[in-house]
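Report on one structure; see the data block that follows.
The values are calculated or read from the model by the stated rules, or taken from the named source; none is laboratory data. Since the structure is predicted, the reported quantities are computational estimates derived from the model, not experimental observations. Here the Cβ positions follow ideal geometry from the backbone for every residue, glycine too, while neighbour counts run over all protein chains shown. Note: areas computed on protein heavy atoms with side chains; ligands, DNA, RNA excluded. Shrake-Rupley method; radii C 1.70, N 1.55, O 1.52, S 1.80 Å.
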Amino acid sequence: MNVERPDPDELLARVERANAKARRGRLKIFFGAAAGVGKTFAMLMAAHERRTEQMDVVVGLVETHGRKETQAMLEGLEILPTRQIEYKGTILHEFDIDAALKRHPAIILVDELAHTNAPESRHPKRWQDIHELLDAGIDVYTALNVQHLESLNDDIGQISGIRVWETLPDTVFEDADEIELVDLPPDELLLRLKEGKIYLPLQAQEALNHFFRKGNLIALRELALRQTASRVDAQMLDYREGHAIREVWQVNERILVCIGPNPLAERLVRAGKRLASSLRAEWIVLYVETPQLQRLPALKRDGILRMLRLAEQLGAETVTLSAPELSEGIIRFARERNVNKLVMGKPRRRNWKRWLLGSVVDILISHAHNINIYLLGSPHLEDRAESSSESLFKKSPLPGLRQRIPAKAKQRYLGYLSALAVTVLSTAISHLVFGKLELANLVMIYLLGVVFIATRFGRGPSILASILGVGSFDFLFVEPYYSFSVADSQFLITLLAMLVVGIVISNLMVNVRSQAKVASHRERRAAVLYAMSKELGASQTEMEVVRTAVKHLYSEFSSRNIILFPNKNGRITYPKAQAMPESLRSCDLSVAQWVFDHNEIAGKGTNTLPGSSAIYYPFQNEETVLGVLALLPVNLRRVFLPEQQKLLETFLRQIAQSIIRIRFVEQAKLTHAQIEAERLRNSLLSAISHDLRTPLATIIGSASTLIDDAGQLKSVDKLELNRAILDEAERMSSLVNNILDMARLDGGVLELNKQWYPLEEIIGTALTHTQKKLLGRPVKVKLPAGIPLVYADAVLLEQVLINLLENAARYTPAESALDISAESSPEEVKITVADRGPGIPIGQELRLFEKFYQTRHETAQSGVGLGLAICQAIIKVHGGRIYAQNRIGGGAEFIFVIPLDRPPPILEE
């Protein structure tokens, strides 16, 4: 085993993950192919084992389904009581998460991970309850059948013919700390079913005829085994990464196919597919881009793209890496992914070339231990190389790129001419200082020219500059002059060293330039992703997300684009609110619909509907396709380069995540609004049922007494009964008017009739209306001289004052005083209604203005709780504010402010 020092950044990330994991509880899933394999029994056995280790184990909820052996296993374990919820006339027994959190055991057993909770539960799904337990630091044991995994839902429905509705995200299964497979052969499971150990006889017969057919059980068993093996493989990779183990472990078949810009690439991909199919193994196609390969012609780069897309169509995972050396990139990736089989082409170098220049295959054989290497050759490859290469790249699906080659040729010719010019310049400078400086210093002048050429124009021109520099130095400055012969043999070493140093410097500078280019590209890509994610994070609506995405996609890919969403019927349509160029109106909605339905890329440059003018990409969350991106590319290569494809996939993931986030927020708002509406409805019904029943009873009683009177009632008694009927009818009218006023204010249909009014007139009218209810109370009005007129709807402001005065009368002693005062500033007028009652409970100052909210006091009279809410709505319509506070010396103050947003009129004397 080869153990190396881990990368510091990776080590820090692992430490952070470990710290986060240490604070959470551990999740152990007892996993099986079907009901009856013994998951719950195995879970209870594990619980008894933990009990013998003196651990605090509690049963939160276990479904025994009437199985006696399972019921017997519960003996000796503490069982929490369940929550009983009445639903459609049935009592449901649900897991009590609050009781579990309060008990806080070390381990809790919660059966049926995919269960859907009853309405009114805290979470809709049981796995969400378990997440809350894990966040609280409680270890959880649970059970799960393979058919409940969301990603397998369609496959299992196709196999069994039965749709499973209770599913959970695969991430819950993948995040489990431990998976224990509980397996049972299909024949034994069917025997248990027939013996009545799984279901009751009638249910058992139904299960035998449908879900529990032997073929179904075999398929489910294989799926369960594969899921478990995949989870174990992921745990093994995590362990290797956590311990910086680079040596390959031969535990699972994983094939790596290495391709390059040569005619053998297509054969390698197909051979890798055949090998992976025969071994039923995962396979990866890798292209390592070295500095030399970054300078490939456009056609050859397009050929690589075609090979990578061919591999994806055949079911491979494709990866593109950048590395200084081909062998280094292959070995590092193979160790990271625990690859144990490598497929690549035979070395093309033969004899002395292979011995002198080396071979990637030889390096891999020397350093890639525990990896089996499969070499694929081609008969008479050298004879067919040119024609194969041409045929390979003639099939490239990325036309329109040849126009870039002449520009590169011009740049290459310019580089060689510059090498010649720099050599002439270096010779001229050397000639000026010849005789004043040592010859070694003249060599440095030529080498500086080589460095300059290598930095600006690459390897070829810099090597030419090295050769020309050596020739010029020998011809002009080494005796005998003006001859390439050398009188002193020591200058042969100088000239050879000069040539070698020049070539080495050329290669080094080219590599540095290439790496700087790669680093700059990665930095720019990271900046682009950061800018887009920042703007998407700040977006509040789907339309803002779409605008941000379209802007960044156009900026990065120089392609006009549009994001299409389905309507309520699942049909892709053009957006209504999104401004769109006429060229994008020509996007084929039928192609977009196909992409949406099949969740596959299509359009120009692809193998599906390539005649389209645009490329269509689906974007999705974990479960469903959300929409389609239509991209109208100016340059296909700008889109289909491997690094650009990765960037585009990242863009699409960010767009999908932002849309899902906004939809969740909107759903949460809608749910909150529905809950609030339900609460208000219940409050309204409760208030009305109480406040209408009392006056109705009085009216009915008084009216029936008057009707049944046989002349025995005195006129005074009749008057009292009639007055009682009138008072209660006015009370009911007031209640109905309040409800209607609140409905009008909430609906936004109220139109203000704003005029200039003196404040004392509004207050006087309100006092007149409340004279009867304020009878016997001293009311003191204090208005400063020169208080300005207010620009408002006088009727509504009077209603505010009436409601505040009636509210004060309701909650204060019968003969306590009320004070009305006002003060003004250049910006606003403040009116205060104060009393000397019991005051406002601490912390309830804001809740007073909620609909149907009422405080409880001994002096309080009955009310529906809408008066203050109406006051707040009216003041807000006027652009003001209203608030309440306790009064110094006892009592409460209700203060509302009306803005003076325009100068009052000048009145004639």
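For Pro105, are the conditions met, namely being farther than 15 Å from Ala33 by Cα and without any contact (Cβ under 8 Å) to a residue 24 or more places away in the chain?
Here the answer is no, as Pro105 does not meet what is asked.
Among the residues of region 638-653, are any closer than 22 Å to Gly537 by Cα, in contact with a strand residue (DSSP E or B) (Cβ under 6 Å, 6 or more places away or on another chain) and in contact (Cβ under 8 Å) with a residue 24 or more places away in the chain?
yes
Quick check on my filter: what residues within region 511-553 are of a type in the set (D, E, K, R), touching a residue at least 40 places away in the same chain (Cβ under 8 Å) and closer than 17 Å to Glu649 by Cβ?
The answer is Arg525, and nothing else.
Consider region 623-660. How many of its residues are β-branched (Val, Ile, Thr), open to solvent by less than 10 Å² (accessible area, probe 1.4 Å) and outside any helix (DSSP H, G or I)?
Summing the residues that are β-branched (Val, Ile, Thr), open to solvent by less than 10 Å² (accessible area, probe 1.4 Å) and outside any helix (DSSP H, G or I) in region 623-660 gives 1.
Just name the residue that is farthest from Tyr87 (Cα to Cα) out of those in region 107-122 that are open to solvent by 40 Å² or more (accessible area, probe 1.4 Å) and touching a helix residue (DSSP H, G or I) at 6+ places or on another chain (Cβ under 9 Å).
Among them, the one singled out is Glu112.
Let's see how each residue does on (1) out of contact with any helix residue (DSSP H, G or I) (no Cβ under 9 Å at 6 or more places or on another chain); (2) modelled with pLDDT under 75; (3) assigned to a helix (DSSP H, G or I):
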residue: Ile662; (1), (2), (3): no, no, yes
residue: Ala677; (1), (2), (3): yes, yes, yes
residue: Arg681; (1), (2), (3): yes, yes, yes
residue: Leu684; (1), (2), (3): no, yes, yes
residue: Ile688; (1), (2), (3): no, yes, yes
residue: Arg693; (1), (2), (3): yes, yes, yes
residue: Ser704; (1), (2), (3): yes, no, yes
residue: Gly711; (1), (2), (3): yes, yes, no
residue: Ala724; (1), (2), (3): no, no, yes
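Which condition breaks for Ser533 when tested against (1) closer than 14 Å to Arg638 by Cβ; (2) assigned to a helix (DSSP H, G or I)?
In the conditions (1) closer than 14 Å to Arg638 by Cβ; (2) assigned to a helix (DSSP H, G or I), Ser533 misses (1) alone.
Output the residue which, of all residues in region 53-96 that are in contact (Cβ under 8 Å) with a residue 12 or more places away in the chain and of a type in the set (S, T, N, Q), is most open to solvent (accessible area, probe 1.4 Å).
Residue satisfying both the conditions and the ranking: Thr82.
With respect to Ile820, is the statement that it is crowded, with 19+ Cβ neighbours inside 10 Å, assigned to a strand (DSSP E or B) and free of Cβ contacts under 8 Å to residues at least 60 places away in the same chain true?
Working: crowded, with 19+ Cβ neighbours inside 10 Å: yes; assigned to a strand (DSSP E or B): yes; free of Cβ contacts under 8 Å to residues at least 60 places away in the same chain: yes.
Yes.
Between residues in region 302-324 that are under 19 Å from Ala276 (Cβ atoms) and residues that are in a strand (DSSP E or B) and open to solvent by 10 Å² or more (accessible area, probe 1.4 Å), which pairs lie under 6 Å by C-beta distance while being six or more apart or on different chains?
The qualifying pairs are Leu308/Thr318; Ala311/Thr318; Glu312/Thr318; Ala316/Trp283.
Test Ser396 against the criterion of being out of contact with any helix residue (DSSP H, G or I) (no Cβ under 7 Å at 6 or more places or on another chain), at pLDDT below 80 and closer than 30 Å to Gly260 by Cα, and give yes or no.
Values: out of contact with any helix residue (DSSP H, G or I) (no Cβ under 7 Å at 6 or more places or on another chain): no; at pLDDT below 80: yes; closer than 30 Å to Gly260 by Cα: yes.
Here the answer is no, as Ser396 does not meet what is asked.
Of everything in region 559-579 that's assigned to a loop (DSSP other than H, G, I, E, B), touching a strand residue (DSSP E or B) at 6+ places or on another chain (Cβ under 8 Å) and open to solvent by less than 30 Å² (accessible area, probe 1.4 Å), which residue is modelled with the highest pLDDT?
Ser559
If I ask for residues that are more than 26 Å from Glu823 (Cα to Cα), modelled with pLDDT of 75 or more and in a helix (DSSP H, G or I), which ones from region 733-775 would you list?
Ser733, the sole residue that qualifies.
Any residue at all in region 265-277 that is assigned to a helix (DSSP H, G or I), surrounded by fewer than 20 Cβ atoms within 10 Å (Cβ to Cβ) and modelled with pLDDT under 75?
no
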